Amino acid sequence: MIDYSNIGKGGIVKEGIFNRFEILKPALLDNYWSDKHSKLMIVAESNYLGDDVDCVFKDPNLWYQGDDSRIKKLLKDQEKKVSNWKYYRTFTKLCKVMNEVANTHCNSVYEEAAFYNYFLRPATVRGTDKSFKKDCEQLDRDVAGTALCGAIDILNPDIVIFASKYAYDEFKDYLECSDNTNIRFVSEYKYLELAKYNRKIRVDYVNHPAARGKNNNWYKSENGKQKFERLLKEYWLRNP
């Protein structure tokens, strides 16, 4: 059992980020590392909830620092929507590429990688806009950055791929402003330096598999499927 209980403890989320948001921990199984591939962490942007649920998630102060019994009830009631342990239809596109590259048989990304959502507060839905960008406040940035740094420190991946340029950019900005002495981002080479392990972790982003539009299309954009495949072959696959 991986222990995330000390991440962020005594900080903004006093009881510890993943003590408060237990079901939002990274999802991974035994094949996170295998003889076919090294350790991959895929980071999406966020979950989202509609207006028909308890509005406590719309207030960052209540979400991170308010009565945690109300938070835990909402997370339990909405577990299928917010837990990382589920089958995301749009992410089967990632699995398809992973299977082709490494001859694996995953149906969901956590079967061969660690899967995680960067922001721990669900996004709202505004028309067709389910992105977190419209909801993001400084508390969200601080908690998200602290949580991911802690998870990377524990899981020690070989490569981190964001399926969201927005989340990727926010994490870069967090590291550039953070006083974290263990992880720093070297932007010109796109890798994280981990002082604790004296090693480098490749970090990059691809478009969200469901993204639309000329510049974001998964199959046609330079940051879509082909980039994901290239990153896997170069940094994830063993003995390509």
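The values are calculated or read from the model by the stated rules, or taken from the named source; none is laboratory data. Quick caveat, the model's predicted, so the values are computed rather than measured. Neighbour counts are summed over all protein chains in view; Cβ atoms, including those assigned to glycine, are modelled from backbone coordinates with ideal geometry.
Quick notes
- Residue in segment 89-96 that is more than 22 Å from PHE162 (Cβ to Cβ), out of contact with any strand residue (DSSP E or B) (no Cβ under 8 Å at 6 or more places or on another chain) and surrounded by fewer than 15 Cβ atoms within 10 Å (Cβ to Cβ) present: no
- Among residues of segment 124-183 being of a type in the set (Val, Ile, Thr) and out of contact with any strand residue (DSSP E or B) (no Cβ under 9 Å at 6 or more places or on another chain), the one that is nearest to LEU29 (Cα to Cα) is ILE154.
- Scope segment 131-174; condition closer than 27 Å to GLY224 by Cβ and part of a loop (DSSP other than H, G, I, E, B); matching residues: SER131, PHE132, LYS133, LYS134, ASP135, CYS136, PRO157, ASP158, ALA163, SER164
- Taking the criterion of being assigned to a strand (DSSP E or B) and in contact (Cβ under 8 Å) with a residue 60 or more places away in the chain, the residues of segment 116-130 that qualify are TYR116, ASN117, ALA123.
- Total residues in segment 9-23 satisfying the condition of being among the aliphatic types (A, V, I, L, M) and part of a helix (DSSP H, G or I): the figure is 2.
- In the condition set (1) polar (S, T, N, Q); (2) farther than 30 Å from ARG230 by Cα; (3) in a helix (DSSP H, G or I), ASN6 is compliant with all but (3).
- Reported count of residues in segment 24-73, each being part of a helix (DSSP H, G or I), touching a residue at least 24 places away in the same chain (Cβ under 8 Å) and exposed (fewer than 13 other Cβ atoms within 10 Å of the Cβ), is 1.
- Scan of segment 207-228 for residues that are in contact with a His (Cβ under 9 Å, 6 or more places away or on another chain) and surrounded by fewer than 15 Cβ atoms within 10 Å (Cβ to Cβ), ordered by number: none
- For ALA210: the one exception among (1) closer than 20 Å to SER38 by Cα; (2) not in a helix (DSSP H, G or I): (1)
- Residues being within 18 Å of TYR48 (Cα to Cα), assigned to a loop (DSSP other than H, G, I, E, B) and among the hydrophobic types (A, V, I, L, M, F, W, C) - total across segment 84-115: 1
- Hey, GLY66 within 15 Å of VAL143 (Cβ to Cβ) and either at pLDDT 95 or above or of a type in the set (D, E, K, R) (or both) or not: no
- Where a residue in segment 81-109 is of a type in the set (Gly, Ala, Ser) and its partner, wherever it lies, is modelled with pLDDT of 90 or more and part of a helix (DSSP H, G or I), with Cβ under 6 Å and at least six apart: SER83/ILE23
- Residue within segment 184-197 that is of a type outside the set (Ser, Thr, Tyr), closer than 19 Å to ASN84 by Cα and buried (at least 20 other Cβ atoms within 10 Å of the Cβ) present: no
- Residues in segment 125-155 that are over 16 Å from the mean Cα position of the chain (by Cα), more than 20 Å from GLU22 (Cβ to Cβ) and at pLDDT 95 or above: LYS134, ASP135, GLU137, GLN138.
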